[in-house]
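Shown next, in structure tokens, is the structure this report addresses.
The values are calculated or read from the model by the stated rules, or taken from the named source; none is laboratory data. What you are looking at is a predicted structure, and each value in this text was computed from that prediction instead of being measured. Heads up, the Cβs are rebuilt from the backbone with ideal geometry, glycines too, and the neighbour counts pull from every protein chain shown.
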Amino acid sequence: MVYLKEANTEDIEKEYEFITNCPENENGFINGGYGCSAEEFKNNILPIQINYSKGIGLKEGHVPETYFYLWDGDNIVGMFKMRHCLNEALKNGAGHIGYGIKKDCRGKGYATEGLKLVLEKAREIVKEDEIYMSVSKNNPASLRVQIKNGAYIHHEDEKEFYTRIRK
């Protein structure tokens, strides 16, 4: 059974294992915990993930965002970041949702199912009329995931497609 759980302290060991086994930056998905120690994750990274969802301790120019881990049974297979609103940089860039799936779990439908679950949450929280996302032109699988979930290509530049999903 595939489900989402917000970042939390109860699952810290599995969250830490997931974060430290993901690349630092892959296809535009930035892993802020890359290379961190267990202590750094416990005392810095995870509290930031939890607090950002409440709008606490946001850095200048950041908006509230919720970190969801995608679980299949007892294993984390992916992570989704959902920004609650957009600033100008996000409107013209990453948008509301970013995600990454563990390499050995790709091609199994996890991204499609995870995005579907996050979109359900986004429809409750996001104020804009559409959910904004972007995807590297080097990542056609992710573009297919977004399209399967109702996205259309709004515009593009030389590196990215910028997609939208109507609420």
Report task. Considering only residues that are buried (at least 16 other Cβ atoms within 10 Å of the Cβ) and assigned to a helix (DSSP H, G or I), look in the stretch 86-111 and name the one that is farthest from the chain's Cα centre (by Cα). Result -> CYS105
Query raised in the report: Residue check, ASN87 against (1) closer than 24 Å to ASN21 by Cβ; (2) at pLDDT 95 or above; (3) in contact with a Gly (Cβ under 9 Å, 6 or more places away or on another chain); (4) not small (Gly, Ala, Ser), all met but one. Which one?
Result: (1)
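Might you let me know whether the stretch 29-36 holds any residue that is at pLDDT 95 or above, surrounded by 13 or more Cβ atoms within 10 Å (Cβ to Cβ) and of a type outside the set (Gly, Ala, Ser)? Walk me through it before giving the result.
First pass over the stretch 29-36, keeping only residues at pLDDT 95 or above: none.
Checking the stretch 29-36: not a single residue is at pLDDT 95 or above, surrounded by 13 or more Cβ atoms within 10 Å (Cβ to Cβ) and of a type outside the set (Gly, Ala, Ser).
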Query raised in the report: Can you name the residue in the stretch 73-85 that is touching a strand residue (DSSP E or B) at 6+ places or on another chain (Cβ under 7 Å) and more than 18 Å from GLU120 (Cα to Cα) and is also surrounded by the fewest Cβ atoms within 10 Å (Cβ to Cβ) among such residues?
Result: ILE76
Report summary line: Among (1) surrounded by fewer than 16 Cβ atoms within 10 Å (Cβ to Cβ); (2) closer than 15 Å to LEU70 by Cβ; (3) not hydroxyl-bearing (Ser, Thr, Tyr), LYS137 falls short only on (2)
**Report entry** Qualifying residues in the stretch 40-72 (those that are out of contact with any Asp or Glu (no Cβ under 7 Å at 6 or more places or on another chain) and of a type in the set (S, T, N, Q)) - the one surrounded by the fewest Cβ atoms within 10 Å (Cβ to Cβ)
**Finding:** ASN43
Requested in this report: Name the one entry in GLY57, GLY78 that is in a loop (DSSP other than H, G, I, E, B), touching a helix residue (DSSP H, G or I) at 6+ places or on another chain (Cβ under 8 Å) and without any contact (Cβ under 8 Å) to a residue 60 or more places away in the chain.
Outcome: GLY57
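Yes/no per residue for (1) of a type in the set (Val, Ile, Thr); (2) under 23 Å from SER134 (Cβ atoms):
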{"position": "VAL2", "(1), (2)": "yes, no"}
{"position": "ASN8", "(1), (2)": "no, no"}
{"position": "GLU39", "(1), (2)": "no, no"}
{"position": "ILE45", "(1), (2)": "yes, no"}
{"position": "GLN49", "(1), (2)": "no, yes"}
{"position": "LEU58", "(1), (2)": "no, yes"}
{"position": "GLY61", "(1), (2)": "no, yes"}
{"position": "ASP72", "(1), (2)": "no, no"}
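Out of curiosity, is ILE50 out of contact with any helix residue (DSSP H, G or I) (no Cβ under 6 Å at 6 or more places or on another chain) and at pLDDT below 95?
On the way: out of contact with any helix residue (DSSP H, G or I) (no Cβ under 6 Å at 6 or more places or on another chain): yes; at pLDDT below 95: no.
In short, no.
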Query raised in the report: In the stretch 114-159, what residues are closer than 16 Å to ARG83 by Cβ, touching a residue at least 40 places away in the same chain (Cβ under 8 Å) and among the polar types (S, T, N, Q)?
Result: SER134
Query raised in the report: Does LYS121 satisfy being buried (at least 16 other Cβ atoms within 10 Å of the Cβ), basic (Lys, Arg) and in a helix (DSSP H, G or I)?
Result: yes
